[in-house]
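Enquirer: Sharing a structure here in structure tokens format.
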Amino acid sequence: MKAVRYQAPGDFAVTDVPMPPVGPLDVLIKVHQSGVCGTDVHLHHGTYIGVYPLTPGHETIGEIEEVGTEVTRFQPGQRVTVNPNIYCGHCEYCLAGQLVRCANTEGMGVHRPGFFAEYASADHRQVFSVDGLESDTAVFAEPTACAMHGLETLGQRPGGSALVIGAGPTGLLLAQLIGSGGATSVTVGDIVPFKLETAAGLGVDSTVSMTKDPAQNIDRLRAASPTGDGYDVVVEATGTTAVGNICVPLTRNGGTVLVYGVTRPDERLSISPFELFRREITIKGSYAEMTSFAAAISALRTGRARTDGIISHKFPLDDYGKALEALASDPTAHKVVIDLRS
Ligand SMILES: [Zn+2]
Ligand SMILES: [Zn+2]
């Protein structure tokens, strides 16, 4: 079968690889679509925790081709998605029920083979039915699960105002969930006008056009807040330190900053400890997810999380390089998807 195969960061080919083995508890999936994520760009550059040689891809939908001898939950032909995140089950965190904090967590498409491939094999316990969902919606199951975990981590107090900085696909999913999760207003800020139009179309309360000037961004975003003095919740969803550095100043007294974007591990923010102390600001991080797939699929089914208009580009598997390039540098790119049926 054909798959994207990295020998090392920066060094990949779309090439023939052996079919994945199907153990007694596994299902073999014929991949239909796999979303390209900012993490895949980090994996390309070697700035994320990947294990090479690697087939990346962690957001997928497809059809069950074959089931292992002990699998009774699924049958060939069913349309499914896969939770790519796997916990070890025996570390201190797992044994305490804190699965997302597992010390030995492994991700399909990061530590194990992923879904930029014609076929993938997964333990059936990682697999979820998406019957009845359009493919272009179902392919957002993984990013929606991450957003659902973000909402859970945030633990927001109902009735507050929220700002999501970064109108990328996961930022827009989280903005919607924060809105239905108890915030009375959700504002989205971004530099790119068409992403803000998409945000408005998805029902956020207001959008703010940002610039490259941090001081100007603070002024504009604060002025757009319902109370004029900032937001009870501020989400960093760009993965840039320029935005990370303006989150605390934009947070109201007693509010929470959620670090949701992925930066390089060596990057640092500049934060005033006095401000955290004096204004009782909480900073939280939200990492991927482990147990949020069922909730995410439900939210996609009911429209609590909508994806209309977010997919901007589709490429065949052979054009994985072009897909990465589009995501990294095409100003018209929003969600980029590898479509294996094209
Ligand atoms: Zn991702
Ligand atoms: Zn563990």
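The values are calculated or read from the model by the stated rules, or taken from the named source; none is laboratory data. Since the model is a prediction, treat every value here as computed from it, not as a measurement. So basically every Cβ, Gly included, is an ideal-geometry build from the backbone, and we count neighbours across all protein chains shown. Remember, those area values only see protein heavy atoms, side chains included, never the ligands or the DNA or RNA. Shrake-Rupley method; radii C 1.70, N 1.55, O 1.52, S 1.80 Å.
Enquirer: If we keep just the residues of the stretch 282-303 that are closer than 11 Å to HIS149 by Cβ and of a type in the set (A, V, I, L, M), which is nearest to ligand 1 (Cβ to nearest atom)?
Expert: Checking each candidate, the answer is ALA288.
Enquirer: Which pairs have Cβ atoms under 8 Å, sit 6 or more apart or on different chains, and link a residue in the stretch 90-107 that is within 15 Å of THR153 (Cα to Cα) to one that is more than 16 Å from ligand 1 (Cβ to nearest atom) and aromatic (Phe, Trp, Tyr)?
Expert: Listed pairs, sorted by first residue: LEU99/TYR87; LEU99/TYR93; VAL100/TYR87; ARG101/TYR93.
Enquirer: Still on this structure, I have one more. On the basis of being within 16 Å of ligand 2 (Cβ to nearest atom) and within 16 Å of the chain's Cα centre (by Cα), does GLY97 make the cut?
Expert: Numbers: within 16 Å of ligand 2 (Cβ to nearest atom): yes; within 16 Å of the chain's Cα centre (by Cα): no.
Spelling it out, it is not the case that GLY97 is within 16 Å of ligand 2 (Cβ to nearest atom) and within 16 Å of the chain's Cα centre (by Cα).
Enquirer: For the stretch 103-126, give me the residue count where each residue is open to solvent by 10 Å² or more (accessible area, probe 1.4 Å) and part of a strand (DSSP E or B).
Expert: Filtering the stretch 103-126 for residues open to solvent by 10 Å² or more (accessible area, probe 1.4 Å) gives 103-106, 108, 110-113, 118-119, 121, 123-126.
This time we only want the ones that are part of a strand (DSSP E or B), so: 106, 108, 112, 119, 121, 123.
Qualifying residue count for the region: 6.
Enquirer: Name the single residue that is nearest to ARG220 (Cα to Cα) among those in the stretch 196-206 being part of a helix (DSSP H, G or I) and open to solvent by less than 40 Å² (accessible area, probe 1.4 Å).
Expert: The initial filter retains those residues of the stretch 196-206 that are part of a helix (DSSP H, G or I), namely 196-201.
Now restrict to residues that are open to solvent by less than 40 Å² (accessible area, probe 1.4 Å): 196, 198-199.
Numbers: LEU196: 15, THR198: 20, ALA199: 17 Å.
Looking at the filtered set, the residue picked out is LEU196.
Enquirer: Quick check on this structure: which one of ALA288, ALA305 is aliphatic (A, V, I, L, M), outside any helix (DSSP H, G or I), open to solvent by less than 40 Å² (accessible area, probe 1.4 Å) and on the phi > 0 side of the Ramachandran plot? Spell out the reasoning first.
Expert: Details: ALA305 fails: on the phi > 0 side of the Ramachandran plot.
Just a single option satisfies the conditions, and that option is ALA288.
Enquirer: Looking for something part of a loop (DSSP other than H, G, I, E, B), modelled with pLDDT under 95 and of a type in the set (Ser, Thr, Tyr) - is there at least one such residue anywhere in the stretch 333-342?
Expert: So the first thing to find is which residues in the stretch 333-342 are part of a loop (DSSP other than H, G, I, E, B), and the list is 333-334, 340-342.
This time we only want the ones that are modelled with pLDDT under 95, so: 341-342.
Going one step further and asking which of them are of a type in the set (Ser, Thr, Tyr), we end up with 342.
Within the stretch 333-342 (the criterion being part of a loop (DSSP other than H, G, I, E, B), modelled with pLDDT under 95 and of a type in the set (Ser, Thr, Tyr)), the answer is yes, since at least one residue qualifies.
Enquirer: Further, regarding this structure: If we keep just the residues of the stretch 55-83 that are among the polar types (S, T, N, Q) and in contact with a Phe, Trp or Tyr (Cβ under 9 Å, 6 or more places away or on another chain), which is nearest to TYR320 (Cα to Cα)?
Expert: Taking the stretch 55-83 as the starting set, the residues that turn out to be among the polar types (S, T, N, Q) are 55, 60, 69, 72, 75, 78, 81, 83.
Going one step further and asking which of them are in contact with a Phe, Trp or Tyr (Cβ under 9 Å, 6 or more places away or on another chain), we end up with 55, 60, 81, 83.
Values: THR55: 11, THR60: 15, THR81: 20, ASN83: 22 Å.
Applying the filter and picking the extreme gives THR55.
Enquirer: Here is a follow-up. Does at least one position in the stretch 144-164 carry a residue that is without any contact (Cβ under 8 Å) to a residue 40 or more places away in the chain and either among the acidic types (Asp, Glu) or in contact with a strand residue (DSSP E or B) (Cβ under 7 Å, 6 or more places away or on another chain) (or both)?
Expert: no
Enquirer: Among the residues of the stretch 231-253, write down those that are in contact with a Ser or Thr (Cβ under 6 Å, 6 or more places away or on another chain) and without any contact (Cβ under 8 Å) to a residue 60 or more places away in the chain. Steps first, please.
Expert: Taking the stretch 231-253 and keeping what is in contact with a Ser or Thr (Cβ under 6 Å, 6 or more places away or on another chain), we get 231-234, 239, 245.
Matches in the stretch 231-253: ASN245 only.
Enquirer: Restricting attention to the stretch 169-182, and to residues there that are small (Gly, Ala, Ser) and surrounded by 24 or more Cβ atoms within 10 Å (Cβ to Cβ), which single residue is nearest to CYS37 (Cα to Cα)?
Expert: Top of the filtered list is GLY171.
Enquirer: Every residue in the stretch 32-67 that is within 21 Å of LYS335 (Cβ to Cβ), assigned to a strand (DSSP E or B) and within 16 Å of ligand 1 (Cβ to nearest atom), please.
Expert: The answer is GLN33, SER34, GLY35, VAL36, GLU59, THR60, ILE61.
Enquirer: Taking the options ALA8, ALA13, name whichever one is more than 16 Å from ligand 1 (Cβ to nearest atom), without any contact (Cβ under 8 Å) to a residue 24 or more places away in the chain and open to solvent by less than 50 Å² (accessible area, probe 1.4 Å).
Expert: One residue alone meets the criteria, ALA13.
Enquirer: Does the stretch 134-153 contain any residue that is crowded, with 19+ Cβ neighbours inside 10 Å, hydroxyl-bearing (Ser, Thr, Tyr) and away from ligand 2 (no atom under 16 Å from the Cβ)?
Expert: Residues of the stretch 134-153 that are crowded, with 19+ Cβ neighbours inside 10 Å, as a first pass: 137-151.
If we keep only those that are hydroxyl-bearing (Ser, Thr, Tyr) as well, we get 137, 144.
If we keep only those that are away from ligand 2 (no atom under 16 Å from the Cβ) too, we end up with 137, 144.
Yes, because at least one residue in the stretch 134-153 is crowded, with 19+ Cβ neighbours inside 10 Å, hydroxyl-bearing (Ser, Thr, Tyr) and away from ligand 2 (no atom under 16 Å from the Cβ).
Enquirer: Does the stretch 75-102 hold any residues that are assigned to a strand (DSSP E or B) and of a type in the set (D, E, K, R), and which are they?
Expert: So in the stretch 75-102, the residues assigned to a strand (DSSP E or B) come out as 79-82, 85-86.
Within the stretch 75-102, just ARG79 meets the criteria.
Enquirer: Out of all the residues in the stretch 38-63, which are open to solvent by 10 Å² or more (accessible area, probe 1.4 Å), under 18 Å from ILE297 (Cβ atoms) and not acidic (Asp, Glu)?
Expert: HIS58
Enquirer: What is the number of the single condition among (1) open to solvent by 60 Å² or more (accessible area, probe 1.4 Å); (2) of a type in the set (A, V, I, L, M, F, W, C); (3) within 20 Å of ARG306 (Cβ to Cβ) that ILE191 does not meet?
Expert: (3)
Enquirer: Same structure, new question: With in contact (Cβ under 8 Å) with a residue 40 or more places away in the chain and either of a type in the set (A, V, I, L, M, F, W, C) or more than 16 Å from ligand 1 (Cβ to nearest atom) (or both) as the only criterion, which of PRO20, PRO76 stands out?
Expert: On the way: PRO76 fails: in contact (Cβ under 8 Å) with a residue 40 or more places away in the chain.
The match here is PRO20.
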